[in-house]
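Beneath this line is the structure, given in structure tokens, with notes to follow.
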Amino acid sequence: MKRPAWAPPGIDISVPSVSRIYDYYLGGSHNFEVDREAARKAMEFVPGLPKVMQANRAFMRRAVRYAVDEGITQFLDIGSGIPTFGNVHEVAQSADPAARVLYVDHDPVAVAHSRAVLEGNENADVVAADLRKPQDILDSPEAGRLLDPDRPVALLLVSVLHFVEDADEPHRAVAELRDALAPGSLLIISHAAYEGMPLPQERVGGAVGVYRDIRNPLVMRTRGEIARFFDGFALVDPGLVKMPEWRPENPVDQEDPYAFSGFAGVGRKA
């Protein structure tokens, strides 16, 4: 398999990556054949996966605009993935050019491409780190440069928590991040769930199995389990809802049925 010129040295291009699969769903070009193969296998069970990802990105953009409207100018996006059109820094800085954005991902391709996209942008940066080790993120030089811990931050955990198994204590990680945030900070979450999928759970389970087979288990949590991530935050209206239902800009009844897969919400720290 020929290594693309943009692939960082040392990357095993024979192993699928969640962030590169996501990039493929969104129509991006920074993915390998092994990623596309895994994505196509998952889509054999759930053909609407690209629609799910598009709804997820649309929610993220609405949530970022909401944060800016609330006066927040600092953003910490963990599990940010490979940059595509309408990234957090583009949305936030178009509303407020002084907005600061720190991306975090553990995929080397996502980190390398983010650095290329952000070159020359003094108010945005990326750090190679893992959600499961919050202190590595908080103690990074990039966080020290971009984020003022005494001012509110919008913490984005968009489409990432469902890739952290319970054994890795995702609720503990979120609580550790919460405790480091100033009052008034926002927590922005979207999370996969069986509820809302326009297919039987057994069929969706086939796609979940594809992620398990590539050693990136996809954990489908219930609404109640997802709500626990907001402990210590007050959910803002309309609460924890299906992605298109969170402060929609267009009529919800015009959305693709797959867009209603999973939940999204925004909470404010008191």
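Hey, Pro251 hits all of (1) more than 25 Å from Asp105 (Cα to Cα); (2) surrounded by fewer than 21 Cβ atoms within 10 Å (Cβ to Cβ); (3) in contact (Cβ under 8 Å) with a residue 24 or more places away in the chain but one; which does it fall short on?
Only one criterion in (1) more than 25 Å from Asp105 (Cα to Cα); (2) surrounded by fewer than 21 Cβ atoms within 10 Å (Cβ to Cβ); (3) in contact (Cβ under 8 Å) with a residue 24 or more places away in the chain is unmet by Pro251, namely (3).
Taking the condition of being more than 21 Å from His162 (Cβ to Cβ) and open to solvent by less than 20 Å² (accessible area, probe 1.4 Å), how many residues in segment 14-33 meet it?
1
Cβ-Cβ distance below 6 Å, separation of 6 or more or different chains: which pairs start in segment 113-125 with a residue that is hydroxyl-bearing (Ser, Thr, Tyr) and end on one that is in a strand (DSSP E or B)?
Ser114/Tyr103; Ser114/Val126
Need the failing condition index for Tyr66 against (1) under 16 Å from the mean Cα position of the chain (by Cα); (2) within 22 Å of Gly265 (Cα to Cα), just the number.
Condition (1) is where Tyr66 drops out.
Can you tell me which residues in segment 23-47 are without any contact (Cβ under 8 Å) to a residue 60 or more places away in the chain and small (Gly, Ala, Ser)?
The answer is Gly27, Gly28, Ser29, Ala39.
The values are calculated or read from the model by the stated rules, or taken from the named source; none is laboratory data. Given the structure is predicted, the values throughout are model-derived calculations rather than measurements. Cβ sites come from the backbone with ideal geometry, for glycine too, and all protein chains shown count toward neighbours. For the accessible areas, the whole protein counts, side chains as well, though only heavy atoms, and no ligand, DNA or RNA atoms are used. Shrake-Rupley method; radii C 1.70, N 1.55, O 1.52, S 1.80 Å.
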